[in-house]
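These notes are about the structure you will find just below.
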């Protein structure tokens, strides 16, 4: 490791097994493995075999057109944020082409052994003013690996599925991701969902290893959910029961759940009901990282 990380330990106090994010007496179908006690503890993501921290450092708050609040921090502040998260045990990094965060993560993670962190990224499959989609995944993933300075991407998702026809609409992306997975270039594949129909299809589609799903205790469009909290929760339980990894997002309602009691209520709902394997939160400052990890530890104790 480089001089920045040379004297730092990557501490783990609990290594959780597949689907270990359940409270006592959680739903059946998920193996009873040691439960995490804090945000930096390792969990196994569904049936993928990938071990990552319970909490992922998001890099795409208000992200669009290869920019986000995270990249707009600038390289120095972004680097400090990621290093602080890493020192808290957070080794799961959530990126996307949409956010423009790949080169920022490459810089922040330089010198850390590749096996010490988990990379999730997402392909934006649509033509945009800022994006010339190839129609597949080979070109995109090849570029992602160069931008991230890595041979392998742990999780690669098709970004922002908005209807139940996504398997047909993005068949070529799926096929090329499958080929890349077979070659070991990506370790697992899946989708991020912004629609209840898309989420239901993802929960039952054998191709999907990982689902990035919007979940919080409030539910509804105002809080960036694809349905009521109960509707989404039932789909996520079904997905996890079938062995799919569920990574929760919008835990704090895309910035709408800002009061301490709201954040705590959402974490207790998501964790206490065993709805996710892990979660990503777009923390922007070291202070937000500390606050979030403290709240997660309290929610897990509860």
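The values are calculated or read from the model by the stated rules, or taken from the named source; none is laboratory data. Model, not experiment: these values are computed from the prediction. Cβ coordinates were reconstructed from backbone atoms using ideal geometry, including for glycine residues, and neighbour counts include every protein chain displayed.
Looking at segment 64-84, can you tell me whether even one residue there is assigned to a loop (DSSP other than H, G, I, E, B), buried (at least 22 other Cβ atoms within 10 Å of the Cβ), touching a strand residue (DSSP E or B) at 6+ places or on another chain (Cβ under 7 Å) and at negative phi?
Among the residues of segment 64-84, not one is assigned to a loop (DSSP other than H, G, I, E, B), buried (at least 22 other Cβ atoms within 10 Å of the Cβ), touching a strand residue (DSSP E or B) at 6+ places or on another chain (Cβ under 7 Å) and at negative phi, which makes the answer no.
Just to be sure before I move on: is residue 263 touching a residue at least 12 places away in the same chain (Cβ under 8 Å) and either in contact with a helix residue (DSSP H, G or I) (Cβ under 8 Å, 6 or more places away or on another chain) or outside any helix (DSSP H, G or I) (or both) in the structure I sent?
yes
Can you name the residue in segment 202-259 that is out of contact with any helix residue (DSSP H, G or I) (no Cβ under 8 Å at 6 or more places or on another chain) and part of a helix (DSSP H, G or I) and is also farthest from residue 295 (Cα to Cα) among such residues?
241
What single numbered condition from (1) crowded, with 24+ Cβ neighbours inside 10 Å; (2) in contact (Cβ under 8 Å) with a residue 60 or more places away in the chain; (3) not in a helix (DSSP H, G or I) fails to hold for residue 296?
(3)
Answer yes or no as to whether residue 199 is assigned to a helix (DSSP H, G or I), at pLDDT 95 or above, in contact with a strand residue (DSSP E or B) (Cβ under 8 Å, 6 or more places away or on another chain) and farther than 22 Å from residue 55 by Cα.
no
So, in segment 108-140, of the ones that are in contact with a helix residue (DSSP H, G or I) (Cβ under 6 Å, 6 or more places away or on another chain) and surrounded by fewer than 19 Cβ atoms within 10 Å (Cβ to Cβ), which residue ends up nearest to residue 189 (Cα to Cα)?
Per the criteria, the residue is 138.
Of everything in segment 135-165, what is without any contact (Cβ under 8 Å) to a residue 12 or more places away in the chain and part of a loop (DSSP other than H, G, I, E, B)? Give them in sequence order.
Answer for segment 135-165, where residues must be without any contact (Cβ under 8 Å) to a residue 12 or more places away in the chain and part of a loop (DSSP other than H, G, I, E, B): just 165.
Give me the pairs, please: first residue somewhere in segment 216-227 and free of Cβ contacts under 8 Å to residues at least 24 places away in the same chain, second residue anywhere and in a loop (DSSP other than H, G, I, E, B), beta-carbon distance under 7 Å, and either six or more positions apart or on two chains.
That search, which allows pairs on different chains as well, returns 219/225; 219/227; 219/228; 220/228.
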